[in-house]
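Okay, so here's the structure we're looking at.
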Amino acid sequence: MGGKPARKPEDLIPLTPAIYGILLALGEGGSHGYGIMQLLAERTGRRERILPGTLYASLARMVDDGLVEEREAPSGETSGGPARRHYRRTAFGRAVARAESERLQSLLKMAIDQKIVPGATG
Amino acid sequence: MVARASAACFRLLLRLYPPAFRARYGGEMLHALERERSRVARERGAWSGLRYSLAACIDLMRSGLDERFRDRGRRERVLLSGILLDVRYALRSLRRAPVFSAIAIACLSVGIAVNGAAFSVLDALLLRDLPGVERQKELSSILLSHETRWGRTDPGQLSPLEWELFRDHMPVFTRSGVVGSSAVALRLSGGALAVRADFVSGDFFAMLGTRPAAGRLLTAGDDAPGAPLVVVISHDLWTREYQQRADAVGRSLRIGDVVFTIVGVAPAGFVGIYAGELTADPRHGAPWVILPLSAAALVRPQSRSASTAAALDDNWLVLVGRRGEDVTEPEVEAAARIVTTAMAAAYPAHRRNTVAEARSATTATSGQIIAGFAFAMAIPLLIMLIVCANLANQLLARAVYRSREIALRLSLGVSRARLLRLLLVESTLLAAAASVVGYVLARVLIDALRAFALVLPFTIPMDVRVVLFMILVAFATSLAFGLVPSLRATRLDLAQSIRAGQSSGGANGTRLRAALVVTQVAASVALLALSGVFVRGAQRSRMSEDEANVDRVLSVGVDLDMLGYEATAGLAFQAMALDRLRSLPGVEAVAQSAVTPDGVIRPARVALPRDAADHERYLEVATVGGDWFALRNTRPLMGRLFTEAEARRGTPVAVVDNAAAQRLWPEQSAVGQTLQVGEVDNAIAITVIGIVPTVRDRHGHQDNGVVIVPASGAYEPRAYFYLRTRGNAADLREAARDIIRDLDPRLPGADVVTLGESLDRLGATVALLATGVGAMGTIALLLAALGLSAVLSFIVEQRRYEIGVRVALGARTPEVTWLVMRESLRLTVIGVILGTLVAGTVARIMRGILFGLPPIDPVAFAGSTAVILLVATLSSAGPAWRAANVDPSSTLKSV
């Protein structure tokens, strides 16, 4: 397992919306695939949706790139289905999310300046 | 259904991912997909669930292909993304024409489903190995027929004496055995039940290659004289009576009055080599118990026959053998004919002219049912033909309408190859969607067939080959009619097409489309007319009885053979039963006869004094006791009827029906004539005292000739008691059953039905066919109406200019309307004529196979023609209305 620390976060920028969404949805905790779908939908007020095909393909790629890592499932969890892999964001993943957020922030700033969206208040 | 379909789609699309990926994530993905889909469906309704499934499928397709081609070269990825783009575009364009897409998918999927289901059933009955039978293709059965002066009899089963000759003299078989079926009284915890029992010779199970579900099966040792009495029970009985407990083996089971020990359980769905009549009647379905042939004499009175002649007449065994390596059926037949020669030597008086015939032992049910099915197969195929004609029509219309779009794309520089690929993808998507829906529908249809029509003890697996074939047909159709016109369209004169808005399909195109409509109309006329024939066939069996009578007469069938009653005890039982039934409230008349409630009368030899010694003639001879004539409301045409007292005394008199009178004494009156009834050595001379109207048999035939004679004290163990009541006969059902149970609680529940119910039961198969064919005919008609309407709209569109000119020149609405209607009528009438010819031919062929079908019926044909004309008129109303409302000024200006 393990990321590839030789790479810089900027190498992976820009991220696909799916990967960016997964990184944010995972947060500091961790979750399994189906949970990520739910978290993303909940935390964006159901504006963002990720479909299973894209989700698992993205997760596979993110594991390869060291953005997330698989870990043991918390004990006592029952899925009611097949055994599920749990994922946690790595430090590298966090750095990449941060780089992508900064990139988007600069774009967002332009939109705010042009009064396309109202500016964030506090 | 949606859940099953989308799960199937998900599973299929997962195959796009590379195997390693699938192994790692597949299970989890399926789970997530299913869970999310059901959540969406639950929270936001079925429609949202469906849309979610669709979106998820496209996502799977895209990311799956992405994953698979991740490490491939750039060229492949570009091609792939191009195809994905095409898929997206095709989906969009199909969504933009929702009516077209929905109709096309619906039509195709119905065609696929009907064929898939029908051929799956046929496959399960005819081609697959039956449950518990290994390599059924290697099995042959041998049937015997006899040469008589009227020709060869139908090939039939063997008697035990004949089996003894065959047993050791068929070296072409590696193993052989016989099986005979008989109804027995099975004594269960809930009371006695009449069920089918199979009696098998020692090697039978070994020959089939059956493995037991529990315990062991029967072996040669069990069939030896003096062996302990053992029985193998069916898997269903094991489940029902013993909850599949292992300790069922070793228990005792009472059959008739004999106690057997259960030694094993047959595998689930085991039917031997004969699935039975596909009804819920336990006497005629799959076997409940399987006994050694040597036990037959204990529970089956016919197997105790003392004389050689009687034993030879007891033809109840089916001989089955497994052919040795490289042995062909003709070789089996040749070997069997050597045995029949020996048979002629052993029984010169009875088996001089016996002919053996070898057949493959692969038909699971009676020949009639198979023949019915084989013919019914023509209908799904006809439906598929209509479906394809319809789809072709719609695609042709669409191609013409789309020529403008295509021309535009070409002029924008899209390559022809790219355009064709796009159209190909569109056709594929249509066929694919229809395949998924069709597959699910086929499953539903098979389940419905099993639930309502065919009681089969085993499951019917989907015949994947047929479904694949139908998908291929669907694909080919959508390709041929979606692509070919488009191909032509890509060679259009661009400038003209863009300007004109639509090109004319040309005279050829219109002719092709008209031909397609005629085909559809013809096929639906044929189907509707055939269903009419079936409906009337089902009614016919009721019409043959006095309508008022059938619901007032109750029949109570009691088979005393099940308990092996001796003649004296049996006669006493019957006399007591008749007396007690007579005392039921509301009973006007009672009678007793071997004639079954559905009118089966056993034939017997009938001779006239002037006949030569070896002349043989068989007529249906009904022996009756009690107030038979009063019960049946029969009045004499000539002479008189015999009274109940005469019947009881056994006076040697007879009443013949008109058909018999005509056959036996064509030139003189039958009354006063004498005839002999019975085999040569024990014939009885009887005087005819009256003639009654011709008795129609259960299939409506009325030329058999029936002789009615008094029961005269002869013991007939399988008797039916008939009660005629003042009210509704069905009300006495329970009371009648109780009387029989009181008389002998060991007897299985009596078979109590009103004459009406019995006739309905008889017509049930035909009625089912009528419903099925009628439903298909209606589908076909709707499809034809759609096709007709589409063609007419197209013609109106094409002739818009001409119509505009006519209107401008003063043509009035009726004239314009007539212009369109004339076209519609022309196509319809041609279709009706062709369809009538087809239906007439099919009905004639079917009459030879499904007995009891009435001849081609003018009412059925007139009815279906009227329906078609009505539908044609309705479906041309829209286009005619549009034609009548053509605005001449705008039409003329636009050109």
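The values are calculated or read from the model by the stated rules, or taken from the named source; none is laboratory data. Nothing here was measured: the structure is a model prediction, and the numbers come from that model. Here Cβ is always computed from backbone atoms with ideal geometry, including for glycine, and neighbour counts include all displayed protein chains. SASA here: full protein model, heavy atoms, side chains in, ligands and nucleic acids out. Shrake-Rupley method; radii C 1.70, N 1.55, O 1.52, S 1.80 Å.
Largest mean-square fluctuation among A:M110, A:M37, A:M62, in a Gaussian network model of chain A whose springs join Cα atoms under 10 Å apart, belongs to A:M110. B:D236 contributes an accessible area of around 100 Å² to the protein surface, as traced by a 1.4 Å probe with all chains present. Across all Cα atoms of region B:145-239, the radius of gyration (one decimal) and Dmax (whole number) stand at 16.8, 52 Å.
Taking amide H as placed 1.01 Å from N in the peptide plane, B:G269 has its amide H under 5 Å from the amide H of B:H235, B:D236, each at least 5 places away in sequence or on another chain. Gyration tensor analysis over the Cα atoms of region B:242-367 returns equivalent ellipsoid semi-axes of 32, 22, 14 Å (largest first, whole Å).
With one equal scatterer per alpha carbon and no solvent term, the Debye-computed log10 I(q)/I(0) for region B:103-199 at 0.10, 0.16, 0.19, 0.24 1/Å reads -0.58, -0.99, -1.11, -1.23. With all protein chains in place and ligands, DNA and RNA left out, the 1.4 Å accessible area ranks A:H32, B:H169 as B:H169, A:H32, largest first. Note that region B:346-356 has calculated 3J(HN,Hα) couplings of 6, 10, x, 6, 10, 10, 5, 10, 8, 10, 9 Hz, one per residue in order, obtained from phi through the Karplus relation 6.51 cos²θ - 1.76 cosθ + 1.60 (θ = phi - 60°); glycine and proline are x.
Each 5 Å bin from zero up to the one holding the largest Cα-Cα distance in chain A carries the following percent of pairs: 2, 11, 19, 20, 20, 13, 8, 5, 2, 1, 0.
Annotation: B:T308 carries an accessible surface of approximately 70 Å², with a 1.4 Å probe and no ligand, DNA or RNA atoms counted.
Both radii are taken from the alpha-carbon atoms of region B:186-291; with Rh as the Kirkwood radius, Rg/Rh is 0.93.
Test of understanding: in a Gaussian network model of chain A with alpha carbons linked when under 10 Å, which of A:R89, A:R46, A:R103 would top the mean-square fluctuation ranking? Highest fluctuation among the options: A:R46.
Within the listed set A:G35, A:G53, A:G21, the Gaussian network model of chain A (springs between alpha-carbon atoms below 10 Å) gives the highest mean-square fluctuation for A:G53. Listed values for region B:550-563 are Karplus-derived 3J(HN,Hα) couplings in whole Hz (6.51 cos²θ - 1.76 cosθ + 1.60, θ = phi - 60°), namely 5, 8, 9, 10, 10, 10, 10, x, 10, 9, 6, 4, 4, 10, and x replaces Gly and Pro.
Assuming charge only on the beta carbon of Lys and Arg (+1) and of Asp and Glu (-1), the dipole of region B:223-291 about its Cα centre is about 160 debye to the nearest 20. Beyond 14 Å, what percent of the Cα pairs of region B:94-133 remain? Percentage above 14 Å: 62.
R0 = 56 Å: FRET efficiency of B:T674 with B:A3, Cβ-based, nearest 0.05?
Working: r = 75 Å, r/R0 = 1.34.
Here the calculated transfer efficiency is 0.15.
Dividing the convex hull volume of the alpha carbon atoms of region B:4-54 by its residue count, what do you get in Å³ per residue?
Details: hull volume 3.1 nm³, N = 51.
Convex hull of Cα atoms, per residue: 60 Å³.
Once the partner protein chains are put back, region B:46-65 shows a loss of at least 50 square angstrom of accessible area, versus the chain by itself, at B:Y52, B:D59 (probe 1.4 Å, ligands and nucleic acids excluded).
How big is the B/A interface in buried accessible area, both sides summed, 1.4 Å probe, to the nearest 100 Å²? Write out the running numbers ahead of the final one.
On the way: alone 41520 and 8090 Å², together 47540 Å².
About 2100 Å² of accessible surface is lost on pairing.
Pair-distance distribution of region B:286-357: all C-alpha pairs, bin width 5 Å, starting at 0; shares per bin in whole percent are 3, 12, 17, 20, 16, 17, 12, 3, 0.
Just the number, please: Stokes-Einstein D of region B:1-118 in µm²/s, Kirkwood Rh from C-alpha pairs, 20 °C, 1.002 mPa s. Walk me through the intermediate numbers first.
Working: Rh = 16.1 Å.
Rounded, D is 133 µm²/s.
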